[in-house]
Every structure is written in C-alpha cells, then in structure tokens.
Amino acid sequence: MSQLLEAGAEIFELAGVEPNPRHTTVNKGAAICKKEGIDVLLAVGGGSTIDATKGIAAAAKYDGDDVWDLVSRKAFVTETLPIITVLTIAATGSEMDGGCVISNTDTNEKYGYFAPDNHPDVSFLDPTNTFSVSAYQTASGSADIMSHIFDVAYFSKGGCMDMLTRVQEEVLKTVVKFAPVAVNTPDDYEARANLMWASSWALNDFLYEGFNQATVCHAMEHQLSAVYDITHGHGLTIIIPRWLTYILNEETAPVIKRFGVNVMGVDESLSLMDGAKAAIDALSAFFFDTLGLKSRLSDLGIDDKSFEEMSKTACGQNGVLHGFTDLTPKDVEAIYRMCL
C-alpha cells in the first residue's frame, strides 16, 4: 500500500477475500469499481484473491449487481477490467490462466467462470513472497498443482501428443521433488521458485492443448469445499487416490502405471495392473506421509449426510461427468464414501 501511495496511485481496497471466494465479496468489489470508476484491478495474494479479482473484473462490466448471474450463465459480458497480480502462494495457477472459481454459500454451489480477456495482463512472481506460506498450505497448494495436470489432461482416455505428456510428467516430477523441501525448509529459494513456476505452467493452457474433458476430481472437490469450506488442495488429495482406485481397470491401467513409473519411480517390470496399483500407493504415500496431509474426510469432520445431493450437483444437469472414465452420481457418491 505504501509503495502504491508513494507512486501517486488512487487506491480503493477490498480486504478480507475468503478462501473459496464468495460471490457476495465479488459483488462488493464490483460495486466499488462501478462507484469509483476503477481503471485497473490489483490482486495481491493467492488463488482465492486472484479468482475473486477476475470475478470482479467481469462483474464490473455487467449491468446487473450479482456476479452469480455470470457464473451460472444467466448473463454474459464481452469485456473485463485489466488485472495485475502479485502472487503469494504456488497453487492454483490463476496468475496465468483465464478462469476463476467462485462459491455461493447461500446455495452451497461452487463453479468455475471464464470470461473474455480474464487472463491477468501482468503477473509478478517473486518466490520470496511465498517464504511465509505455512507447511500445510504449501502441501495443499502443491497437491493442487499436480491435480490440475491429472484432471485436465494426463489421466485421459483420448488421444494425446506424447511431447505434451512428457512435459506434464516433468512438471509433476518438479512438484514431487521440491514440495517436501519447501514444506520442511520454507525459505529455500530454489524450491519455492520451482513450485511457483510449476503452478503457473500446470494450468496455463499450453499443457492441455487439444484436451477436452470434464475435470472430474475438481467437480467432486468443489462440492466438498462448497458445503464444508475445506482447503481445496487438501480435499483433492483425499479424492484423487480413491478415484484412481475406483476407476482402475484394464483400459485405465496403462496410463496410471505410466505415471507411476515416470513420475513416482515405480518398478517398470511390474504388470500393468500391479504397476497401476503401485502408482496409486506411491501417490498416496506422497500426499499423506511425505507432505503430512490428513488422509480421510472424517479427519476433517465431514460425514456422509450430504453426499447424495453433492454427487448430483457435481455431475451437473446432464447427470454424468465425462472424463478418464464417465461417472454418474452413484459413482461419485461411492468415491466420496471411499474417502471417509
């Protein structure tokens, strides 16, 4: 703030953006923009702050007063305010993509939103700004980085370009190498820098060029964090190994085993099915033993009372998630129960 004031900038601050940013907070920011004639938005923070800012950038150009109209596709905008970001945690990749995720706690919904020109115009990535991130949030953010690659492109039944898959594997290996270092030595510049760059590249459109599938684990986790307001990355770590176990079959095993061999160091001589199981075990050990994240939803105080409704919401109006394997609400509910 002092630097901006010294530069002669006129500033209107919206402090207190929540984790899993609320649509009501976005509406407050858009109202300030309209009232004060804001020219540019500056997001200083992590994915929640940047996502909220993206929502504000779009809602500020909307004639209505509720960003949820845009998120729910009831209304559209064709322009947004310019966005600058200063990143303070490596996790969501929001600093280098055009999407945002907004929560509506009135309806227990959490959805992604994409708008024209919603990519940040400039993002400043200084690893020293992440030295103070807690071990827990570092671990959760690192898992989120990996989940973007898993969900969007790597675990896919469609054809893929091997060059892109190899790059995806290198980004995943970067997280596996440096996340434990950052957890245990928070001021390690090399570790923080590599995680920060991995975060940006994991979800910046390049790595999943040509892919088009439902991000099934994100769809399932968004319901968890919408209803229970848990940390997004942590929720993903609990879901992903159970999801892989649930969908493991002769068709999916080759991709899962490849991940295990090329990223987690699983023995290549194992059979397809044994190699895939070893890959899932290795990923679970990384999340829960190496990074120290709790492994079950019950550890976070979550029970099964909302699972049926959450499963229906996760699958959307069509009632199916088309991803690595197709999932119905019954499938999603079964995976939730495996996570308990």
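Read the figures in this text as sums done on the coordinates, not as results from a lab. Since we're looking at a predicted model, the values are computed, not measured. Virtual Cβ from ideal backbone geometry, glycine too; neighbours counted across all protein chains shown.
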Classify the range 21-64 as rounded, prolate or oblate from the Cα gyration tensor: take a ≥ b ≥ c as the square roots of its eigenvalues, call it rounded if a/c is under 1.5, otherwise prolate when a/b beats b/c and oblate if not. oblate
Can you return the lysines within cross-link range of Lys74? Criterion is Cα-Cα under 20 Å, with same-chain partners fewer than 8 residues away left out. Lys28, Lys54, Lys61, Lys110
Placing +1 on the Cβ of each Lys and Arg and -1 on the Cβ of each Asp and Glu in the chain, which of Ile56, Val320, Val133 has its Cα farthest towards the positive end of the resulting dipole? Val320
For the range 214-340, just say rounded, prolate or oblate: build the C-alpha gyration tensor, square-root its eigenvalues into a ≥ b ≥ c, call rounded for a/c under 1.5, and beyond that prolate if a/b exceeds b/c, oblate if not. oblate
Using the Cα atoms of the chain, I'd like the radius of gyration and the largest Cα-Cα distance, Dmax, both in angstrom. 19.8, 65
Please go through the range 150-240 and write out the chymotrypsin sites (Phe, Trp or Tyr not before Pro) that DSSP classes as loop and that have at most 15 other C-beta atoms within 10 Å. Phe206, Phe211
Checking the range 118-214 for GluC sites (Glu not before Pro) in a loop per DSSP with at most 10 other beta-carbon atoms within 10 Å yields Glu209
Helix-only [θ] at 222 nm, the chain, -39500 (n - 2.57) per DSSP H run of 4+, per residue, nearest 500, equals -15000 deg cm²/dmol
In the range 66-83, whose amide N lies under 14 Å from the spot 7 Å out along Cα-to-Cβ of Asp106? List them in ranges. 66-72
Where a label projected 7 Å from the Cα of Asp326 along Cα→Cβ would reach, residues of the range 208-237 with amide N under 15 Å: 213-214
Name the trypsin sites (Lys or Arg not before Pro) in the range 48-116 that are in a loop by DSSP and that have at most 11 other C-beta atoms within 10 Å, would you? Arg73, Lys74
When a/c reaches 1.5 or more, the comparison of a/b and b/c decides; with that in mind, is the range 2-158 rounded, prolate or oblate per its Cα gyration tensor? oblate
Before anything else, pin down the relative contact order of the chain: Cα pairs under 8 Å, at least 6 apart, normalised by residue count, whole percent. 15
Partner lysines for Lys177 [C-alpha distance under 24 Å; skip if fewer than 8 residues away on the same chain]: Lys257, Lys277, Lys294
